[in-house]
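Q: Following this message is one structure expressed as structure tokens.
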Amino acid sequence: MTNTAPSTAGAQTVPGEGDFAARTQGITKVYGHGDARVVALDGVTVGIPRGRYTAIMGPSGSGKSTLMHCMAGLDSVDSGEVYIGDTELTRLKDKQLTRLRRDKVGFVFQAFNLVPTLTALENITLPMDIAGRRPDREWLDTVIDTVGLRPRLKHRPSELSGGQQQRVACARALAARPEIIFADEPTGNLDSRSGAEVLGFLRDSVRRMGQTIVMVTHDPTAAAYADQVLFLSDGQIVDTMPEPTAERVLERMKGFDSAPAVAPGPDAQSQDAQGRDAQDLDAQGRDGQGPGVAAR
């Protein structure tokens with residue numbers, strides 16, 4: 001089927017306090033100067049509903065990864081406001097921002113970012129162990145059973161398939177009970193079967209655990225697991241699609257013309273964000289704070 005979802009092109013979602021796990025108000029982000037100046041985000045206002053699964057899509061260079069990184073506090077904005085819960089990120093100092101990411105945000109990247117010398121269970125609990133926080137055993141058991149990793153808890157990453165390693169990364173993000181999880185191309189390094197398993201787990205975490213997830217993806221099949229899809233083009237949200245299907249998402253994506261690349265590109269931004277997340281883990285050992293991301 002190629003039925004077109006109800007379009008909200010040109011509409012702005014006005015966020016309200018308490019309704020959203022993350023929200024933005026009129027944010028802009030510009031890279032470069034002069035002839036090299038590129039507007040990556042152009043006055044974006046959006047709210048990410050609590051307990052829902054939101055996918056962000058758009059052509060290459062549309063600003064989707066930039067939006068996610070700014071919402072998560074991994075990158076700064078040039079103007080506008082970003083909130084995680086009731087906390088406005090642009091007013092925070094670096095140390096405060098690091099603590100907020102650890103306490104309220106979970107991350108899942110395309111790269112698994114597992115410690116090779118630790119078991120699956122040790123990787124899952126690592127952020128809390130570094131912060132000196134005891135995991136909620138009942139919740140941890142629920143997470144482990146939901147991702148189907150119980151038989152593999154004593155295995156190291158080299159003994160796990162790619163899909164199993166990404167499920168460990170998802171469980172690590174969930175274990176600290178963050179307010180929101182940001183997933184940047186979480187199935188990009190997986191085959192179709194493993195990717196479907198990870199996407200199914202993320203879907204279950206929303207349905208069974210009430211988790212809030214924001215996922216950047218280029219894959220219409222992955223986007224179909226979400227409750228809604230936000231479409232970006234030229235740094236603006238131009239459409240939304242509730243109850244997406246792969247066919248409808250693909251049809252909508254065909255409507256985008258080829259867009260010039262945004263500098264730095266999404267891949268470079270993703271690598272930088274992953275490095276910043278690793279720095280957060282290292283900093284936990286220095287300031288004893290807990291683990292932690294934000295969202296249009």
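Q: Among (1) at pLDDT 90 or above; (2) hydroxyl-bearing (Ser, Thr, Tyr); (3) in contact with a helix residue (DSSP H, G or I) (Cβ under 7 Å, 6 or more places away or on another chain), where does Ser233 come up short?
A: It is condition (3) that Ser233 fails.
Q: Quick check on this structure: which one of Leu118, Leu140 is more than 17 Å from Val198 (Cβ to Cβ), assigned to a loop (DSSP other than H, G, I, E, B) and of a type in the set (A, V, I, L, M, F, W, C)?
A: Only one candidate passes the filter, namely Leu118.
Q: When both residues are 6+ apart or on different chains and their Cβ atoms are under 7 Å apart, which pairs have a first residue that lies in the stretch 71-93 and is in a loop (DSSP other than H, G, I, E, B), and a second that is of a type in the set (Phe, Trp, Tyr)?
A: From the stretch 71-93, the pairs are Ala72/Phe182.
Q: Between residues in the stretch 47-64 that are part of a loop (DSSP other than H, G, I, E, B) and residues that are crowded, with 24+ Cβ neighbours inside 10 Å and small (Gly, Ala, Ser), which pairs lie under 6 Å by C-beta distance while being six or more apart or on different chains?
A: Sorted first by the residue in the stretch 47-64, then by its partner, the pairs are Arg50/Ala21; Gly63/Ala40; Gly63/Gly235.
Q: Now, a different point. Kindly state which strands (runs of 3 or more DSSP E) lie completely within the stretch 175-255 and contain at least 1 residues that are within 30 Å of Leu121 (Cβ to Cβ). Outline the logic, then answer.
A: Details: elements: 180-184, 213-216, 228-233, 236-242.
Qualifying strands (runs of 3 or more DSSP E): 180-184, 213-216.
Q: Further question on the same structure: Among the listed residues Arg99, Arg133, which satisfies the condition of being under 30 Å from Lys64 (Cβ atoms) and basic (Lys, Arg)?
A: Arg99
Q: Mind listing whichever residues of the stretch 247-268 are modelled with pLDDT of 95 or more and surrounded by fewer than 15 Cβ atoms within 10 Å (Cβ to Cβ)?
A: Of everything in the stretch 247-268, just one residue is modelled with pLDDT of 95 or more and surrounded by fewer than 15 Cβ atoms within 10 Å (Cβ to Cβ), namely Glu247.
Q: Sticking with this one: Against the definition (modelled with pLDDT under 95 and either polar (S, T, N, Q) or in contact with a helix residue (DSSP H, G or I) (Cβ under 6 Å, 6 or more places away or on another chain) (or both)), how does Thr54 come out, yes or no?
A: no
Q: Based on this model, can you work out whether Val14 counts as under 21 Å from Glu81 (Cα atoms) and either in contact with a Pro (Cβ under 9 Å, 6 or more places away or on another chain) or modelled with pLDDT of 50 or more (or both)?
A: no
Q: Okay, next question. Can you find a residue that is of a type in the set (Ser, Thr, Tyr) and at pLDDT below 90 anywhere in the stretch 125-140?
A: no
Q: Run down Arg101, Arg137 and say which single residue is surrounded by fewer than 17 Cβ atoms within 10 Å (Cβ to Cβ) and not hydrophobic (A, V, I, L, M, F, W, C).
A: Arg137
Q: Right, next: Cβ-Cβ distance below 9 Å, separation of 6 or more or different chains: which pairs start in the stretch 18-45 with a residue that is more than 12 Å from Gly235 (Cα to Cα) and end on one that is among the charged types (D, E, K, R) and not in a loop (DSSP other than H, G, I, E, B)?
A: Filtered contacts from the stretch 18-45: Ala21/Lys104; Arg23/Glu81; Thr24/Glu81; Gln25/Glu81.
Q: Then there is this: Can you tell me which residues in the stretch 44-90 are more than 25 Å from Met241 (Cβ to Cβ) and either surrounded by fewer than 18 Cβ atoms within 10 Å (Cβ to Cβ) or not hydrophobic (A, V, I, L, M, F, W, C) (or both)? Break it down stepwise before answering.
A: The initial filter retains those residues of the stretch 44-90 that are more than 25 Å from Met241 (Cβ to Cβ), namely 73-79, 81, 85-90.
Answer for the stretch 44-90, where residues must be more than 25 Å from Met241 (Cβ to Cβ) and either surrounded by fewer than 18 Cβ atoms within 10 Å (Cβ to Cβ) or not hydrophobic (A, V, I, L, M, F, W, C) (or both): Gly73, Asp75, Ser76, Asp78, Ser79, Glu81, Gly85, Asp86, Thr87, Glu88, Thr90.
Q: Okay, next question. Of the conditions (1) at pLDDT 90 or above; (2) in contact with a Gly (Cβ under 7 Å, 6 or more places away or on another chain); (3) more than 17 Å from Phe107 (Cβ to Cβ), Ser194 clears all except one; give me its number.
A: (1)
Q: If you take the residues of the stretch 150-194 that are among the hydrophobic types (A, V, I, L, M, F, W, C) and over 19 Å from the mean Cα position of the chain (by Cα), which of them is nearest to Ala55 (Cα to Cα)?
A: The selected residue is Leu160.
Q: Within the stretch 176-191, how many residues turn out to be modelled with pLDDT of 90 or more and over 25 Å from Thr66 (Cα atoms)?
A: Of the residues in that region, 0 qualify.
The values are calculated or read from the model by the stated rules, or taken from the named source; none is laboratory data. The model shown is predicted, which means the values in this text are computed figures rather than measured ones. Counting neighbours? That spans all protein chains shown, and the Cβs are built from the backbone with ideal geometry, glycine included.
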